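Asks: Below are the C-alpha coordinates for one structure; questions will follow.
The values are calculated or read from the model by the stated rules, or taken from the named source; none is laboratory data. Keep in mind that this is a model prediction, so the values were computed, not measured. Virtual Cβ from ideal backbone geometry, glycine too; neighbours counted across all protein chains shown. The protein model used for the area step is the full one, side chains on, heavy atoms only, and it has no ligands, DNA or RNA in it. Shrake-Rupley method; radii C 1.70, N 1.55, O 1.52, S 1.80 Å.
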Amino acid sequence: MAGSRPTVGVFALQGDVREHLHTLGALGATAIAVRRPAELESCDALVLPGGESTTMAKLARTFDLLEPLRERVAGGMPTFGTCAGMILLADEISGGAAGQETIGGLDVTVRRNAFGRQVDSFEAELPFSGLDAPVHAVFIRAPWVERAGEGVEVLATAEDHPVAVRQGHLMATSFHPEVDGDGRVHRIFLDLLGR
(Lines give C-alpha, C1' and ligand atoms only; values in the text may rest on other atoms or scores of the structure.)
Protein backbone atom coordinates (compact mmCIF):
# COMPACT_ATOMS: atom_id res chain seq x y z
CA MET A 1 0.00 0.00 0.00
CA ALA A 2 1.68 3.18 -1.20
CA GLY A 3 1.64 5.75 1.61
CA SER A 4 -1.77 6.38 3.06
CA ARG A 5 -3.60 6.15 -0.28
CA PRO A 6 -4.52 2.52 -0.88
CA THR A 7 -5.29 1.40 -4.41
CA VAL A 8 -8.79 -0.06 -4.42
CA GLY A 9 -10.01 -1.79 -7.53
CA VAL A 10 -13.62 -2.04 -8.61
CA PHE A 11 -14.51 -5.11 -10.69
CA ALA A 12 -15.56 -3.39 -13.91
CA LEU A 13 -16.63 -6.05 -16.42
CA GLN A 14 -20.28 -5.55 -15.48
CA GLY A 15 -22.25 -3.81 -12.77
CA ASP A 16 -22.52 -0.61 -10.76
CA VAL A 17 -18.90 0.60 -11.18
CA ARG A 18 -18.81 4.40 -11.51
CA GLU A 19 -20.52 5.19 -8.18
CA HIS A 20 -18.09 2.94 -6.26
CA LEU A 21 -15.11 4.58 -7.97
CA HIS A 22 -16.46 8.02 -7.03
CA THR A 23 -17.18 7.08 -3.39
CA LEU A 24 -13.78 5.45 -2.88
CA GLY A 25 -12.00 8.42 -4.46
CA ALA A 26 -13.90 10.84 -2.23
CA LEU A 27 -12.65 8.87 0.79
CA GLY A 28 -9.03 9.27 -0.26
CA ALA A 29 -8.38 5.94 -1.98
CA THR A 30 -6.86 5.61 -5.42
CA ALA A 31 -9.78 3.91 -7.15
CA ILE A 32 -9.25 1.99 -10.40
CA ALA A 33 -11.43 -0.08 -12.70
CA VAL A 34 -10.34 -3.73 -12.85
CA ARG A 35 -10.91 -5.62 -16.09
CA ARG A 36 -7.65 -7.59 -16.41
CA PRO A 37 -5.40 -9.64 -14.08
CA ALA A 38 -2.61 -7.02 -14.35
CA GLU A 39 -4.97 -4.35 -12.95
CA LEU A 40 -5.99 -6.68 -10.13
CA GLU A 41 -2.32 -7.24 -9.23
CA SER A 42 -1.88 -3.51 -8.54
CA CYS A 43 -4.76 -3.43 -6.00
CA ASP A 44 -4.53 -3.37 -2.22
CA ALA A 45 -8.27 -4.08 -1.96
CA LEU A 46 -11.26 -4.76 -4.20
CA VAL A 47 -14.95 -3.94 -4.51
CA LEU A 48 -17.32 -6.35 -6.27
CA PRO A 49 -20.28 -4.14 -7.25
CA GLY A 50 -23.95 -4.81 -7.79
CA GLY A 51 -24.93 -6.15 -11.17
CA GLU A 52 -25.95 -9.61 -12.34
CA SER A 53 -23.99 -12.25 -10.44
CA THR A 54 -24.14 -15.02 -13.05
CA THR A 55 -23.03 -12.64 -15.82
CA MET A 56 -20.24 -11.24 -13.65
CA ALA A 57 -18.89 -14.73 -12.88
CA LYS A 58 -19.04 -15.75 -16.56
CA LEU A 59 -17.25 -12.58 -17.66
CA ALA A 60 -14.62 -13.04 -14.96
CA ARG A 61 -13.92 -16.51 -16.35
CA THR A 62 -13.92 -15.27 -19.97
CA PHE A 63 -11.42 -12.49 -19.13
CA ASP A 64 -9.18 -14.86 -17.09
CA LEU A 65 -10.01 -13.01 -13.87
CA LEU A 66 -11.91 -15.68 -11.90
CA GLU A 67 -8.91 -17.68 -10.67
CA PRO A 68 -6.79 -14.58 -9.90
CA LEU A 69 -9.76 -13.17 -7.95
CA ARG A 70 -10.09 -16.41 -5.98
CA GLU A 71 -6.35 -16.43 -5.25
CA ARG A 72 -6.28 -12.80 -4.06
CA VAL A 73 -9.37 -13.22 -1.85
CA ALA A 74 -8.02 -16.48 -0.39
CA GLY A 75 -4.68 -14.74 0.13
CA GLY A 76 -6.22 -12.07 2.35
CA MET A 77 -6.96 -9.14 0.04
CA PRO A 78 -9.68 -6.98 1.65
CA THR A 79 -12.76 -7.34 -0.54
CA PHE A 80 -16.20 -5.71 -0.32
CA GLY A 81 -19.16 -7.15 -2.20
CA THR A 82 -22.41 -5.24 -2.67
CA CYS A 83 -25.62 -6.98 -3.83
CA ALA A 84 -24.36 -9.24 -6.66
CA GLY A 85 -20.91 -8.83 -5.13
CA MET A 86 -22.21 -10.43 -1.92
CA ILE A 87 -23.33 -13.43 -3.99
CA LEU A 88 -19.90 -13.64 -5.65
CA LEU A 89 -18.15 -13.69 -2.25
CA ALA A 90 -20.46 -16.33 -0.76
CA ASP A 91 -19.22 -19.87 -0.30
CA GLU A 92 -22.73 -21.13 -1.07
CA ILE A 93 -25.72 -19.83 -3.05
CA SER A 94 -29.36 -20.71 -2.49
CA GLY A 95 -31.57 -20.27 -5.56
CA GLY A 96 -28.59 -19.88 -7.87
CA ALA A 97 -28.50 -20.68 -11.57
CA ALA A 98 -27.35 -24.17 -12.53
CA GLY A 99 -23.56 -24.32 -12.36
CA GLN A 100 -23.26 -20.76 -11.04
CA GLU A 101 -19.71 -20.04 -9.86
CA THR A 102 -18.55 -17.78 -7.07
CA ILE A 103 -15.23 -16.39 -5.93
CA GLY A 104 -16.02 -17.59 -2.42
CA GLY A 105 -14.23 -16.93 0.83
CA LEU A 106 -17.17 -15.65 2.88
CA ASP A 107 -18.63 -18.41 5.08
CA VAL A 108 -22.28 -17.69 4.27
CA THR A 109 -25.16 -19.07 2.28
CA VAL A 110 -26.78 -16.28 0.28
CA ARG A 111 -30.23 -16.46 -1.34
CA ARG A 112 -30.39 -14.72 -4.73
CA ASN A 113 -33.25 -12.25 -5.30
CA ALA A 114 -34.43 -12.99 -1.76
CA PHE A 115 -36.46 -9.79 -1.44
CA GLY A 116 -38.17 -10.32 -4.80
CA ARG A 117 -37.91 -9.08 -8.36
CA GLN A 118 -37.04 -5.60 -9.68
CA VAL A 119 -40.56 -4.31 -8.89
CA ASP A 120 -40.04 -5.31 -5.25
CA SER A 121 -37.04 -3.01 -4.84
CA PHE A 122 -37.21 -0.81 -1.74
CA GLU A 123 -35.31 1.58 0.50
CA ALA A 124 -34.94 1.47 4.29
CA GLU A 125 -33.12 3.20 7.14
CA LEU A 126 -31.01 0.49 8.81
CA PRO A 127 -29.10 0.56 12.07
CA PHE A 128 -25.53 -0.49 11.17
CA SER A 129 -22.99 -1.82 13.67
CA GLY A 130 -20.31 0.76 14.40
CA LEU A 131 -22.29 3.74 13.07
CA ASP A 132 -24.14 6.27 15.20
CA ALA A 133 -26.91 6.97 12.68
CA PRO A 134 -28.80 4.57 10.41
CA VAL A 135 -27.68 3.89 6.85
CA HIS A 136 -30.02 4.64 3.95
CA ALA A 137 -30.11 1.25 2.23
CA VAL A 138 -31.28 0.75 -1.36
CA PHE A 139 -32.30 -2.84 -2.13
CA ILE A 140 -32.60 -3.83 -5.83
CA ARG A 141 -33.33 -7.52 -6.52
CA ALA A 142 -31.28 -8.00 -3.40
CA PRO A 143 -29.99 -11.17 -1.77
CA TRP A 144 -29.95 -11.91 1.94
CA VAL A 145 -27.84 -14.18 4.12
CA GLU A 146 -29.62 -17.42 5.03
CA ARG A 147 -26.73 -18.94 6.96
CA ALA A 148 -23.76 -17.17 8.53
CA GLY A 149 -20.78 -19.21 9.69
CA GLU A 150 -19.32 -18.97 13.17
CA GLY A 151 -16.74 -16.33 12.26
CA VAL A 152 -19.18 -14.06 10.42
CA GLU A 153 -20.23 -10.82 12.15
CA VAL A 154 -23.68 -9.48 11.25
CA LEU A 155 -23.53 -5.70 10.82
CA ALA A 156 -27.15 -5.03 9.76
CA THR A 157 -30.43 -6.87 9.27
CA ALA A 158 -33.63 -6.28 7.30
CA GLU A 159 -36.82 -8.33 7.62
CA ASP A 160 -35.01 -10.52 10.19
CA HIS A 161 -32.26 -11.51 7.75
CA PRO A 162 -28.60 -10.41 7.75
CA VAL A 163 -27.99 -7.89 4.95
CA ALA A 164 -24.50 -6.70 5.95
CA VAL A 165 -21.75 -9.02 7.19
CA ARG A 166 -18.02 -9.02 7.86
CA GLN A 167 -15.58 -11.91 8.20
CA GLY A 168 -11.92 -11.02 8.63
CA HIS A 169 -10.83 -9.17 5.48
CA LEU A 170 -14.19 -9.65 3.72
CA MET A 171 -17.32 -7.52 3.94
CA ALA A 172 -20.60 -7.66 2.05
CA THR A 173 -23.95 -5.88 1.90
CA SER A 174 -27.20 -6.88 0.21
CA PHE A 175 -27.88 -3.23 -0.54
CA HIS A 176 -26.13 -0.52 -2.56
CA PRO A 177 -24.26 1.86 -0.21
CA GLU A 178 -22.70 3.67 -3.18
CA VAL A 179 -25.86 5.23 -4.59
CA ASP A 180 -26.56 8.13 -2.21
CA GLY A 181 -23.13 9.63 -1.52
CA ASP A 182 -22.96 8.40 2.09
CA GLY A 183 -19.45 6.98 2.32
CA ARG A 184 -19.72 5.59 5.87
CA VAL A 185 -20.08 1.93 4.84
CA HIS A 186 -17.17 2.23 2.40
CA ARG A 187 -15.14 3.87 5.20
CA ILE A 188 -15.75 0.80 7.42
CA PHE A 189 -14.46 -1.34 4.55
CA LEU A 190 -11.37 0.84 4.03
CA ASP A 191 -10.65 0.54 7.75
CA LEU A 192 -10.10 -3.21 7.12
CA LEU A 193 -6.98 -2.29 5.17
CA GLY A 194 -5.35 -1.02 8.34
CA ARG A 195 -5.92 -4.24 10.27
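Asks: How many Å² of accessible area per residue for the chain, probe 1.4 Å?
Replies: Heavy-atom SASA per residue in the chain reads 44 Å².
Asks: Considering only protein heavy atoms and a 1.4 Å probe, what is the carbon-and-sulfur percentage of the accessible area of the chain?
Replies: Heavy-atom surface of the chain belonging to carbon and sulfur, 1.4 Å probe: 48 percent.
Asks: State log₁₀ I(q)/I(0) for the range 1-91 at q = 0.21, 0.23, 0.24 Å⁻¹ as given by the Debye formula over alpha-carbon point scatterers of equal weight, solvent excluded.
Replies: -0.98, -1.18, -1.29
Asks: From Cα pairs below 8 angstrom and at least 6 apart in sequence, can you work out the relative contact order of the range 68-195, rounded to a whole percent?
Replies: It rounds to 25 percent for the range 68-195.
Asks: Peptides 80-91, 158-169, 99-110: what's the order by average Cβ count within 10 Å, highest mean first?
Replies: 80-91, 99-110, 158-169
Asks: Answer with a single label: of (i) 39; (ii) 45; (iii) 52, which was calculated as percent of Cα pairs over 22 Å apart from the structure in view?
Replies: (i)
Asks: Given +1 on the Cβ of Lys and Arg, -1 on the Cβ of Asp and Glu, and no further charges, what dipole in debye does the chain carry about its Cα centre, rounded to the nearest 20?
Replies: 440
Asks: Rounded, prolate or oblate: which fits the range 68-177, taking a ≥ b ≥ c as square roots of the Cα gyration tensor eigenvalues, rounded meaning a/c under 1.5, else prolate when a/b beats b/c?
Replies: Oblate, because a/c is 1.5 or more while a/b does not exceed b/c.
Asks: In the range 37-144, which trypsin sites (Lys or Arg not before Pro) fall in coil by DSSP and have 16 or fewer other Cβ atoms within 10 Å?
Replies: Passing both the DSSP loop test and the Cβ count: Arg117.
Asks: Quick one: putting +1 on the C-beta of Lys and Arg, -1 on the C-beta of Asp and Glu, what dipole do you get for the range 44-126 around its Cα centre, in Debye to the nearest 20?
Replies: Here the size comes out at about 240 debye.
Asks: Pull up the DSSP beta bridges for the range 71-187 and report the antiparallel fraction as a percent, rounded to 5.
Replies: Percent antiparallel among DSSP bridges in the range 71-187 is about 70.
Asks: Defining a contact as two alpha carbons under 8 Å apart and six or more residues distant in sequence, what relative contact order in percent does the range 1-121 show?
Replies: 22
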